[in-house]
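First comes the structure, then the notes that go with it.
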Amino acid sequence: KLVAAAQQERFTGRKFDHSFPADAIRSCLALAGLTIGDVTAVGHNFDYGPLRPVFSRTPEGTDLFDACLDPGVQVRWFSAHDLPVGRVEPVRHHDAHAWHAALTHDDMPATVVVADGVGETASLSIYDFDGSAVRRIRSWPITASLGLFYSLITQQLGWLPNSDEHMVMGLAAYGDPARYRDVMRRAVELRPDGGVRVR
């Protein structure tokens, strides 16, 4: 059951604030009427474990994994901010999105579609939600990422990818869809299985 939600950037005023979300955590605890001692586990919305071999190919990647992405390090971060927890459980990124959508939805059963830039190795996932569990039905790989394609267009237009896409969306209403329709049709292939492939 979802009882509280908060985002760190709302407290600091920094967009995409990547600092430890101590303010957001304390706010959620207060809204839920809990203390950190009531928390048995923390879920982290990305499972970097399977990507460890990729990170370990370079010294920089190994350092990044050991200093930031390892769940054991995250447990120590909580303690460093006077928020001691027993464990941090990695959750696959799309599973986290699916649970968030499912828990804010009243009608059951439901189909949940997660369309993302990238979550571990997937970009598009479909789930079934029966009221008690989300079950992944199908996933498509990074090569099907409309999110990354959107970010590339944002960058091509001179803006910051993964940040300024809202400006592209706002300006789209003033554009001529016929002008680049053929280019888009060549760039994004609709597959017979319902997925896409970005060329």
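The values are calculated or read from the model by the stated rules, or taken from the named source; none is laboratory data. Since the structure is predicted, the reported quantities are computational estimates derived from the model, not experimental observations. Reconstructed Cβ throughout: ideal geometry from the backbone, glycine too, with neighbour counts over all protein chains shown. Remember, those area values only see protein heavy atoms, side chains included, never the ligands or the DNA or RNA. Shrake-Rupley method; radii C 1.70, N 1.55, O 1.52, S 1.80 Å.
Taking the C-alpha atoms of the stretch 23-76, how large are the radius of gyration and the largest Cα-Cα span, Dmax, in Å?
Radius of gyration, then largest Cα-Cα span, for the stretch 23-76: 14.8, 45 Å.
As I understand it, the value is the acute angle between the Cα axis of helix 146-156 and the longest principal axis of the Cα atoms of the chain; what does it come to in degrees, rounded to 10?
Orientation of helix 146-156: about 70 degrees from the principal axis.
Over its Cα atoms, what ratio of radius of gyration to 2.2 N^0.38 Å does the stretch 120-199 give? Before the final figure, lay out the partial values.
Numbers: Rg = 15.4 Å, N = 80, 2.2 N^0.38 = 11.6 Å.
In units of the 2.2 N^0.38 Å rule of thumb, it is 1.32.
Can you tell me what percent of all Cα-Cα pairs in the chain are more than 22 Å apart?
62 percent
D for the stretch 125-164, whole µm²/s, Stokes-Einstein with Kirkwood Rh over alpha-carbon pairs at 10 °C and 1.306 mPa s: what number?
130 µm²/s
Per residue, how large is the accessible surface of the stretch 102-199? Use a 1.4 angstrom probe and give square angstrom.
67 Å²
Among DSSP beta bridges lying fully in the chain, give the percent that are antiparallel, nearest 5.
So the antiparallel bridges amount to about 85 percent of the total.
In vacuum, with every alpha carbon of the stretch 78-167 counted as one equal point scatterer, what does the Debye formula give for log10 I(q)/I(0) at q = 0.11, 0.23 Å⁻¹? Two decimals, please.
So the normalised log intensities are -0.45, -1.01.
In whole percent, how big is the carbon plus sulfur part of the accessible area of the chain, probe 1.4 Å, protein atoms only? Please list the in-between numbers first.
Numbers: 7450 of 13110 Å².
Its accessible area is 57 percent carbon and sulfur atoms.
Taking all pairs of different Cα atoms in the stretch 6-97, averaging 1/r and flipping that mean, what Kirkwood radius in angstroms comes out?
By the Kirkwood definition, the hydrodynamic radius is 14.4 Å.
For the stretch 1-147, what's the relative contact order in percent, using C-alpha pairs closer than 8 Å and at least 6 residues apart?
Taking the mean separation of contacting Cα pairs over the length of the stretch 1-147, I get 17 percent.
Of the candidates 63, 130, 182, which one comes out as most mobile in a Gaussian network treatment of the chain with C-alpha springs shorter than 10 Å?
The residue with the greatest mean-square fluctuation here is 182.
For the stretch 158-199 and the stretch 123-156, what is the centre-to-centre distance using only Cα atoms, to the nearest Å?
After rounding, the separation between the Cα centres reads 16 Å.
Report Rg (one decimal) and Dmax (nearest whole number) for the stretch 50-96, counting Cα atoms only, units Å.
Looking at the stretch 50-96, its Cα Rg and Dmax stand at 12.3, 34 Å.
Bins of 10 Å, beginning at zero and ending with the bin holding the largest distance: percent of Cα pairs per bin for the stretch 79-131, please.
Pair shares across the bins are 23, 38, 25, 14, 0.
Using the crude model of +1 on Lys and Arg Cβ and -1 on Asp and Glu Cβ, and no other charge, please compute the dipole size for the chain relative to its Cα centre, in debye to 20. Don't skip to the end; give the middle numbers.
Values: 20 positive and 24 negative charges, 107 e Å.
Dipole about the Cα centre, nearest 20: 520 debye.
Taking the chain as a Gaussian network, where each spring joins two C-alpha atoms under 10 Å apart, which residue of 64, 171, 31 fluctuates the most?
171
Which residue, chosen from 137, 4, 157, occupies the Cα position most advanced towards the positive end of the dipole of the chain, where the dipole is computed from +1 (Lys, Arg) and -1 (Asp, Glu) charges on Cβ about the Cα centre?
Farthest towards the positive pole: 157.
Choose one of 198, 20, 71: the residue whose Cα lies farthest towards the positive end of the charge dipole of the chain (beta-carbon charges +1 Lys, Arg; -1 Asp, Glu; about the Cα centre).
198
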